[in-house]
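Since the structure comes first, as structure tokens, the remarks are kept for the end.
The values are calculated or read from the model by the stated rules, or taken from the named source; none is laboratory data. As the structure is a computational prediction, the values presented were derived from the model and not from experiment. All Cβ positions, glycine included, derive from the backbone under ideal geometry; neighbour counts span all protein chains shown.
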Amino acid sequence: MVPFGRTAAIFDVDDSLLDGNAGTIFTWYLYTAKVMRPEVRSRIPRIIYEYARNRLSEQDMVEVGSRCQQGLYADLVKAHAHACFERHLRKRITSGAVRQIRKHLLSGHFVAVASGSSQYIIDEVGLHLRVHAAIGTRTRIVDGKLTDQIVPPVVFRDGKRAAVERLADEWDLDLSRSYLYSDAAADVPLFEAVGTPVVVNPKAPFRALAERRGWEIVEWKERSEPGAEPDLADEWGSWEG
């Protein structure tokens with residue numbers, strides 16, 4: 001018997017599986033809790049300012065999210081990732097994602113979550129959902145501390161496809177008979193690699209592309225914990241320091 005029937009289901013995390021961006025919220029958490037080293041923390045407002053004015057790309061921000069942990073002990077960051085997940089992210093998981101993940105698990109598929117966000121916060125998402133693998137952006141560890149050196153690939157665009165293809169090789173998965181759930185136009189290279197692309201909550205330009213290509217479109221808006229109240233992390237999108 002071939003494990004998982006060689007079929008995988010890959011779930012993007014930000015703004016699809018999750019109502020919000022895991023990496024952005026975790027960065028906000030580390031900033032407001034003053035966990036970051038002072039010289040790193042002092043640069044965050046300027047980085048947000050530059051990104052808001054389109055002077056930094058989405059990939060730049062993906063890399064910033066992991067590099068801002070520079071100089072911190074890995075065990076400390078892992079502990080803060082757990083606290084951040086329980087306080088801010090757990091209630092943001094969408095009910096549509098939960099239902100679909102359960103469906104794939106019950107079908108015997110290999111299920112993974114994948115995001116450009118820090119590996120530590122994506123690990124928490126994966127553990128909570130009991131999936132088989134969690135793929136995030138990692139930085140090198142030296143003497144127990146995180147550095148600003150990203151371990152290739154950055155899990156974004158072509159790098160995300162490369163990371164998923166590496167996982168598929170490791171587990172002998174066939175991407176041509178597998179599924180991808182994502183809201184991101186940046187995931188087009190990965191959408192093109194899978195047999196069943198499913199576009200989640202697409203914004204207008206990407207929705208038009210998905211419709212032209214005949215990709216299925218779904219809306220996952222409702223949180224799995226609908227009674228949960230918004231918190232200060234909801235304000236991060238407009239935060240500038």
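What is the one condition in (1) at pLDDT below 95; (2) within 20 Å of Phe156 (Cβ to Cβ); (3) surrounded by 14 or more Cβ atoms within 10 Å (Cβ to Cβ) that Val40 does not satisfy?
Going through (1) at pLDDT below 95; (2) within 20 Å of Phe156 (Cβ to Cβ); (3) surrounded by 14 or more Cβ atoms within 10 Å (Cβ to Cβ) one by one, Val40 breaks only (2).
What's the number of the only condition in (1) modelled with pLDDT of 95 or more; (2) surrounded by 15 or more Cβ atoms within 10 Å (Cβ to Cβ); (3) farther than 27 Å from Arg166 by Cα; (4) of a type in the set (D, E, K, R) that Asp183 fails to meet?
With respect to (1) modelled with pLDDT of 95 or more; (2) surrounded by 15 or more Cβ atoms within 10 Å (Cβ to Cβ); (3) farther than 27 Å from Arg166 by Cα; (4) of a type in the set (D, E, K, R), Asp183 is out only on (3).
Yes or no, residue by residue, for (1) over 20 Å from Arg157 (Cβ atoms); (2) touching a strand residue (DSSP E or B) at 6+ places or on another chain (Cβ under 7 Å):
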residue	(1), (2)
Tyr51	no, no
Asn54	no, no
Met61	no, no
Ile93	yes, yes
Lys103	yes, no
His109	yes, yes
Gln119	no, yes
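Answer yes or no as to whether Val40 is within 17 Å of the chain's Cα centre (by Cα) and part of a helix (DSSP H, G or I).
no
Return only the number of the condition from (1) surrounded by 16 or more Cβ atoms within 10 Å (Cβ to Cβ); (2) outside any helix (DSSP H, G or I) that Lys91 does not satisfy.
(2)
Could you grab me the full set of residues in the range 118-131 that are buried (at least 18 other Cβ atoms within 10 Å of the Cβ) and more than 21 Å from Cys68 (Cβ to Cβ)?
If the condition is that a residue be buried (at least 18 other Cβ atoms within 10 Å of the Cβ) and more than 21 Å from Cys68 (Cβ to Cβ), then Gly126, Leu129, Val131 are the ones that fit.
Considering the range 65-79 alone, what residues qualify as being buried (at least 19 other Cβ atoms within 10 Å of the Cβ) and either farther than 24 Å from Gly159 by Cβ or of a type in the set (Val, Ile, Thr) (or both)?
Result: Val77, single match.
Hey, can you tell me all the residues within the range 1-15 that are within 24 Å of His128 (Cα to Cα), at pLDDT below 95 and part of a loop (DSSP other than H, G, I, E, B)?
Matches in the range 1-15: Asp15 only.
Test Val35 against the stated conditions and say whether it is surrounded by fewer than 20 Cβ atoms within 10 Å (Cβ to Cβ), at pLDDT 90 or above, aliphatic (A, V, I, L, M) and not in a helix (DSSP H, G or I).
Yes: the conditions hold for Val35.
Taking the condition of being assigned to a strand (DSSP E or B) and in contact (Cβ under 8 Å) with a residue 60 or more places away in the chain, how many residues in the range 137-178 meet it?
Total meeting the criteria: 9.
Counting only residues that are part of a helix (DSSP H, G or I) and touching a residue at least 40 places away in the same chain (Cβ under 8 Å), how many does the range 179-208 have?
The total comes to 3.
If you scan the range 96-124, which residues turn out to be under 9 Å from the mean Cα position of the chain (by Cα) and closer than 14 Å to Phe11 by Cα?
Result: Val113, Ala114, Ser115, Gly116, Ser117, Ile122.
Name the one entry in Ile47, Ile25 that is closer than 24 Å to Pro152 by Cβ and outside any strand (DSSP E or B).
Ile47
Residues are listed down the side, and each one gets a yes or a no for (1) of a type outside the set (Phe, Trp, Tyr); (2) modelled with pLDDT under 95:
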residue: Gly159; (1), (2): yes, no
residue: Ala163; (1), (2): yes, no
residue: Arg212; (1), (2): yes, no
residue: Trp215; (1), (2): no, no
residue: Gly227; (1), (2): yes, yes
residue: Gly241; (1), (2): yes, yes
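Scan the range 90-113 for residues that are free of Cβ contacts under 8 Å to residues at least 60 places away in the same chain, touching a Lys or Arg at 6+ places or on another chain (Cβ under 8 Å) and within 20 Å of Asn201 (Cα to Cα) and report the count.
Here the count works out to 0.
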